[in-house]
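Report on one structure; see the data block that follows.
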Amino acid sequence: MHTNQLNDEFDAIIVGGSYAGLSAAMQLARARRRVLVIDAGQRRNRYATHSHGFLTQDGSSASAIAADGKAQLMAYPNVIWQEGTAATAMANGDGFDVALHDGHAFQARRLVLATGVVDDLPPVEGLAERWGSSVFHCPYCHGYELEQGAIGVLATGPMSLHHALMLPDWGSVTLFLNDALEPDEAQLKALAERAVAVERTPVARIEGRADVVLRDGRSIALAGLFVMSRTHNSPLAAELGCALDEGPMGLYVRTDARQASTVAGVFCCGDAARIAGSVALAVADGAMAGVAAHQSLIFGAVPAA
């Protein structure tokens, strides 16, 4: 990598080099635009060994998909990869300035935020250590592999009811309220109709594969445990003035059907711009963001309503 390359202005800067960012960068690279990807190497699904539900890649290594995507992207000579974390981003005339924590600053006419989100898990002993291996958030990504076994849902709020009502298609379900939720009569009826067991005794810890040990000493063996994490978005979107919406798990960037944010010239894709997502959805969002960013360089940038 040459310093003079980094000092030049780019057509687009992609902040985040995971699935959505790689997909966005690919579209811009193939349009022969000069692209800079800034990536800190912290994929959200780095704890998961395999990815599921992504056509042609079902069951593939999650890290291998990302590595293959990066290798394919970097075959384009008009793409520069910069390791690091984007600390600040701001509008500057008709473009944007992005600075890293080490002080390096770059300029581009368009900005694509593919920063992902950070998961904040409930403070239950043994939960974080199993995140991505036997504790999950997405049934479409991990439910099938549980072989219709016993499944738990650890409640964190009202959306945990949605989780519990979905999951009986993948196994027998127990909803652990854990003092985070108390279903009303109608909700209890809906749970009963889906054969979901309700456990009110609080959870003490998680042991074994995903065994839930309750405070009264009972242990319930599970094939897998699902939990709705609280997600935290990158501060860059708010710094730039992009509108954010409150979802059931946290804030996400408001975008239109072309992944444009409410700030002209700023696009957002992947988990940062979704209530919930997956690798397949991230790649699709990224492709749209890349195409839209490219066309905005020709026809002008229009912010989301």
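To keep it simple, each residue is scored yes or no on (1) buried (at least 17 other Cβ atoms within 10 Å of the Cβ); (2) in the same structural domain as His163 (by TED's automatic domain parsing); (3) outside any helix (DSSP H, G or I); (4) modelled with pLDDT of 95 or more.
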{"residue": "Thr255", "(1), (2), (3), (4)": "yes, no, yes, yes"}
{"residue": "Arg258", "(1), (2), (3), (4)": "no, no, yes, yes"}
{"residue": "Val263", "(1), (2), (3), (4)": "yes, no, yes, yes"}
{"residue": "Asp285", "(1), (2), (3), (4)": "yes, no, no, yes"}
{"residue": "Ala289", "(1), (2), (3), (4)": "yes, no, no, yes"}
{"residue": "Ala293", "(1), (2), (3), (4)": "yes, no, no, yes"}
{"residue": "Ala305", "(1), (2), (3), (4)": "no, no, yes, no"}
| task | May I ask you to list the residues in region 265-283 that are touching a residue at least 40 places away in the same chain (Cβ under 8 Å) and in a loop (DSSP other than H, G, I, E, B)? | result | Gly265, Cys269, Ala276, Ser278
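Return a yes/no flag: does region 218-230 have any residue that is among the polar types (S, T, N, Q) and under 30 Å from Leu100 (Cβ atoms).
Yes: one or more hits.
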| field | The lone exception for Ala87 - which of (1) in contact (Cβ under 8 Å) with a residue 24 or more places away in the chain; (2) assigned by TED's automatic domain parsing to the domain that holds Val283 it fails | value | (1)
| field | Scan of region 178-197 for residues that are surrounded by fewer than 18 Cβ atoms within 10 Å (Cβ to Cβ) and in contact with a Pro (Cβ under 7 Å, 6 or more places away or on another chain), ordered by number | value | Asp179, Arg194, Ala195
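Give the residue that is surrounded by the most Cβ atoms within 10 Å (Cβ to Cβ), with candidates limited to residues of region 133-177 that are aromatic (Phe, Trp, Tyr) and without any contact (Cβ under 8 Å) to a residue 60 or more places away in the chain.
Phe176
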| query | Thr174: in contact with a Phe, Trp or Tyr (Cβ under 9 Å, 6 or more places away or on another chain) and β-branched (Val, Ile, Thr), yes or no? | reply | no
| note | Counting only residues that are out of contact with any strand residue (DSSP E or B) (no Cβ under 7 Å at 6 or more places or on another chain) and in a loop (DSSP other than H, G, I, E, B), region 81-95 contains a total of 1
| query | Just a yes or no: is a residue in region 210-232 within 28 Å of the chain's Cα centre (by Cα), modelled with pLDDT under 95 and either more than 26 Å from Asp271 (Cα to Cα) or of a type in the set (A, V, I, L, M) (or both)? | reply | yes
| said: I'm told Asp245 meets every condition in (1) charged (D, E, K, R); (2) farther than 24 Å from Asp11 by Cα; (3) at pLDDT 95 or above; (4) surrounded by 15 or more Cβ atoms within 10 Å (Cβ to Cβ) except one. Can you identify the failing condition by its number? | reply: (4)
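The values are calculated or read from the model by the stated rules, or taken from the named source; none is laboratory data. Keep in mind the model is a prediction, meaning the values are calculated, not measured. Note that each Cβ is placed from the backbone with ideal geometry, even for glycine, and that neighbours are counted across all protein chains shown.
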